[in-house]
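The values are calculated or read from the model by the stated rules, or taken from the named source; none is laboratory data. Since we're looking at a predicted model, the values are computed, not measured. In this analysis, Cβ positions are derived from the backbone assuming ideal geometry, glycine residues included, and neighbour counts consider all displayed protein chains.
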């Protein structure tokens, strides 16, 4: 019998598409097959849109695992017209008009709304102390992944803890305004201060996009992800707040190599450079024998 803890709960910020493709269940099964922990914990599966009942039933089966206390489903029911992700540099849409009144979180309104709605939901729940955000393109590198993350959360004063970009294009990224931002995968404190930080970052995101869009010389082109907004609020933005800076933590236990340019990175090369990695965020890992 495992010891149930609410000191750390795990949630997948995921999509209807990932559930239907099987990517979500594949990732969950990998985490649970590769775990050694004395604890059981709650697993939240947070969707952007409603998933068919048969898929909920399949995902509910992981509740049988000895380390899972309960599987809790949450759906943000984002309408199709708001569930958008339009990267301006890929689709060459930056010169086209964009209605920030209808989609105030910009061209990545879908994932931004999904994140903020999910975090506001989780922050309201009783009993929990910390949350770990995972995605279906992450993998644990060690079987003690849960205990290691729990230990960090219990022994660190933080609001958000994760990984800066550690992939092949670090030199290029280092020159960008978002260079020091933490990828969304990571740990999130449950507290009043953490809630305020997340809430303020949402308003900050909307303000930055609107002011920039109405300016003569545009930098964002109505596009910014939630994790960059949190970084700019804590560290570097035009109206950043110093009280958040020391609580915004880059860690050794999370490693972000999640761009498409990093797909051919080998496991050995990543772990040789970042041997303390517990959770790796990298695309195509489940399609490669190397991982």
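The rows are residues; the columns are (1) at pLDDT below 95; (2) touching a strand residue (DSSP E or B) at 6+ places or on another chain (Cβ under 7 Å); (3) part of a helix (DSSP H, G or I).
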residue	(1), (2), (3)
132	no, yes, no
142	no, no, no
151	no, no, yes
184	no, yes, no
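When segment 86-106 is examined, which residues are found to be in contact with a helix residue (DSSP H, G or I) (Cβ under 8 Å, 6 or more places away or on another chain) and at pLDDT 95 or above?
100, 103, 104, 105, 106 - these are the residues of segment 86-106 that are in contact with a helix residue (DSSP H, G or I) (Cβ under 8 Å, 6 or more places away or on another chain) and at pLDDT 95 or above.
Go through 241, 176, 202, 190 for me and flag whichever is touching a helix residue (DSSP H, G or I) at 6+ places or on another chain (Cβ under 9 Å) and either modelled with pLDDT under 95 or farther than 30 Å from residue 146 by Cα (or both). Break it down stepwise before answering.
Values: 176 fails: touching a helix residue (DSSP H, G or I) at 6+ places or on another chain (Cβ under 9 Å); 202 fails: either modelled with pLDDT under 95 or farther than 30 Å from residue 146 by Cα (or both); 190 fails: either modelled with pLDDT under 95 or farther than 30 Å from residue 146 by Cα (or both).
Just a single option satisfies the conditions, and that option is 241.
Which residues, taken from segment 188-246, are on the phi > 0 side of the Ramachandran plot and touching a strand residue (DSSP E or B) at 6+ places or on another chain (Cβ under 9 Å)?
Residues satisfying the conditions do not exist here.
Please work out if residue 50 is in contact with a strand residue (DSSP E or B) (Cβ under 6 Å, 6 or more places away or on another chain), surrounded by fewer than 16 Cβ atoms within 10 Å (Cβ to Cβ) and more than 27 Å from residue 158 (Cα to Cα).
Yes.
Could you please tell me which pairs satisfy a Cβ distance under 6 Å, a separation of 6+ or placement on different chains, a first residue in segment 7-21 that is over 24 Å from residue 40 (Cβ atoms), and a second residue that is part of a helix (DSSP H, G or I)?
Pairs found: 18/24.
Please go through segment 161-171 and give me each residue that is out of contact with any helix residue (DSSP H, G or I) (no Cβ under 6 Å at 6 or more places or on another chain) and outside any helix (DSSP H, G or I), ordered by number. Step through it out loud before you land on a result.
Kept after step one, since they are out of contact with any helix residue (DSSP H, G or I) (no Cβ under 6 Å at 6 or more places or on another chain), are these residues of segment 161-171: 161-164, 166, 170-171.
Scanning segment 161-171 gives 161, 162, 163, 164, 166.
Exactly one of these conditions fails for residue 157: (1) in a helix (DSSP H, G or I); (2) farther than 30 Å from residue 100 by Cα; (3) more than 18 Å from the chain's Cα centre (by Cα). Give me its number.
(1)
Can you name every residue in segment 107-130 that is farther than 18 Å from residue 48 by Cβ and either buried (at least 22 other Cβ atoms within 10 Å of the Cβ) or modelled with pLDDT under 95 (or both)? Lay out the reasoning, then the answer.
Let us first name the residues in segment 107-130 that are farther than 18 Å from residue 48 by Cβ, namely 123-130.
Across segment 107-130, the qualifying residue is only 130.
Would you be able to tell me the number of residues in segment 186-197 that are under 16 Å from the mean Cα position of the chain (by Cα) and assigned to a loop (DSSP other than H, G, I, E, B)?
Qualifying residue count for the region: 1.
Specify which of the listed residues (25, 55, 32) is within 21 Å of residue 280 (Cα to Cα) and either out of contact with any strand residue (DSSP E or B) (no Cβ under 8 Å at 6 or more places or on another chain) or crowded, with 19+ Cβ neighbours inside 10 Å (or both). Write out each step before concluding.
Working: 55 fails: within 21 Å of residue 280 (Cα to Cα); 32 fails: either out of contact with any strand residue (DSSP E or B) (no Cβ under 8 Å at 6 or more places or on another chain) or crowded, with 19+ Cβ neighbours inside 10 Å (or both).
None of the other options fit; the residue is 25.
Looking at segment 275-291 only, could you name the residues that are buried (at least 19 other Cβ atoms within 10 Å of the Cβ) and farther than 15 Å from residue 30 by Cα?
277
How many residues does segment 207-226 hold that are in contact with a helix residue (DSSP H, G or I) (Cβ under 8 Å, 6 or more places away or on another chain) and crowded, with 17+ Cβ neighbours inside 10 Å?
Of the residues in segment 207-226, 9 are in contact with a helix residue (DSSP H, G or I) (Cβ under 8 Å, 6 or more places away or on another chain) and crowded, with 17+ Cβ neighbours inside 10 Å.
Return only the number of the condition from (1) at pLDDT 95 or above; (2) surrounded by 15 or more Cβ atoms within 10 Å (Cβ to Cβ); (3) assigned to a helix (DSSP H, G or I) that residue 258 does not satisfy.
Of (1) at pLDDT 95 or above; (2) surrounded by 15 or more Cβ atoms within 10 Å (Cβ to Cβ); (3) assigned to a helix (DSSP H, G or I), only one is false for residue 258: (3).
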